[in-house]
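In what follows, a structure is listed as structure tokens, so that the remarks can point back to it.
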Amino acid sequence: MNLISLRPGFLAALALLGTSVAFAHGVAEGDAQFLERVSGVQFLPYLYLGAKHMVTGYDHLLFLAGVIFFLYRLKDVALYVTLFAVGHSTTLLLGVLAGIRADPFIVDAIIGLSVVYKAFENIGGFRRLGVRIDTRAAVLTFGFVHGFGLSTKLQDLALATDGLIPNMIAFNLGVELGQFAALALILIVFELWRTRGGFLRQAYAANVAIMAAGFVLFGYQLTGYALS
């Protein structure tokens with residue numbers, strides 16, 4: 001396997017990995033202060049903050065990139081992204097509105113493992129082990145975990161109860177709009193990448209790097225849990 005031929009794949013994977021270093025998962029300090037300060041229905045601000053979270057959410061982007069890596073038909077992309085969105089939306093709303101709580105470090109550690117799972121599946125790891133996993137069920141299940149991860153961050157904030165339901169609906173809608181925008185960009189990059197020679201060789205290297213990033217996220221969150 002030629003190292004030069006793998007270079008585009010490594011660059012793509014490193015870009016995704018770099019995103020995980022550049023953004024801290026959760027709600028930015030300025031945004032958190034705003035959310036704790038306002039009350040009543042704030043549809044547009046919550047819509048914007050939801051979209052912002054998804055676009056800068058390294059864990060969600062890594063997982064989504066893994067999910068659509070080898071999907072060539074738009075209907076397949078739509079199916080898996082819809083499953084993820086259903087799971088994500090359900091636990092985001094239930095977690096905040098119903099007050100369902102869990103340790104955020106443990107939830108985020110599982111999210112890191114979701115990235116590992118999809119990259120490992122993409123390189124044929126489960127097939128070599130003789131293990132069969134229903135990818136649709138896995139994407140839906142990890143969608144539940146990803147949404148729960150965000151809800152644990154919002155639960156740490158003193159959100160006003162006045163207008164909470166419409167605000168959470170707006171936030172969730174923003175998350176889905178942000179997901180759509182990020183997905184469109186990822187699909188464009190993948191489509192251009194696939195037209196180049198050696199995509200499959202480069203894709204293997206990229207998924208190994210994505211899997212490594214997932215292990216880093218997993219280890220980081222477990223360390224945070226131990227220290228907390």
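Here, each number is a calculation from the coordinates, and none is a lab measurement. The structure displayed is predicted, hence computed values, not measured ones. Here the Cβ is made from the backbone with ideal geometry for all residues, glycine too, and neighbour counts use every protein chain on show.
Based on Cα contacts under 8 Å between residues 6+ apart, the chain shows a relative contact order of 42 percent. Which FRET efficiency, nearest 0.05, do Lys52 and Phe199 yield, Cβ-Cβ r, R0 41 Å? Working from the Cβ atoms, E equals 0.85. Whole-Hz Karplus values for the range 50-67 come out as x, 5, 4, 4, 5, 5, 9, x, 4, 5, 5, 5, 4, 5, 4, 4, x, 4 Hz, taken residue by residue from phi with 6.51 cos²θ - 1.76 cosθ + 1.60 and θ = phi - 60°; glycine and proline positions read x. Where does helix 3-22 land angle-wise versus the long Cα axis of the chain, in degrees 0 to 90, nearest 10? The angle comes out at about 10 degrees.
Considering the range 3-227 at the alpha-carbon level, its Rg and Dmax are found to be 17.7, 58 Å.
Close amide-amide hydrogen proximity is noted between Thr56 and no other residue 5 or more places distant or on a separate chain, at a cut-off under 5 Å (H modeled in the peptide plane; Pro and chain starts excluded). Computed from label points 7 Å out along Cα-Cβ, the spacing between Phe43 and Leu94 is 2.7 nm.
Between the Cα long axis of helix 135-155 and the first principal axis of the chain there is an angle of about 40°, rounded to the nearest 10. For the range 166-228, the square roots a ≥ b ≥ c of the C-alpha gyration tensor eigenvalues yield an a/c of 1.5 or more together with a/b not exceeding b/c, which makes the shape oblate.
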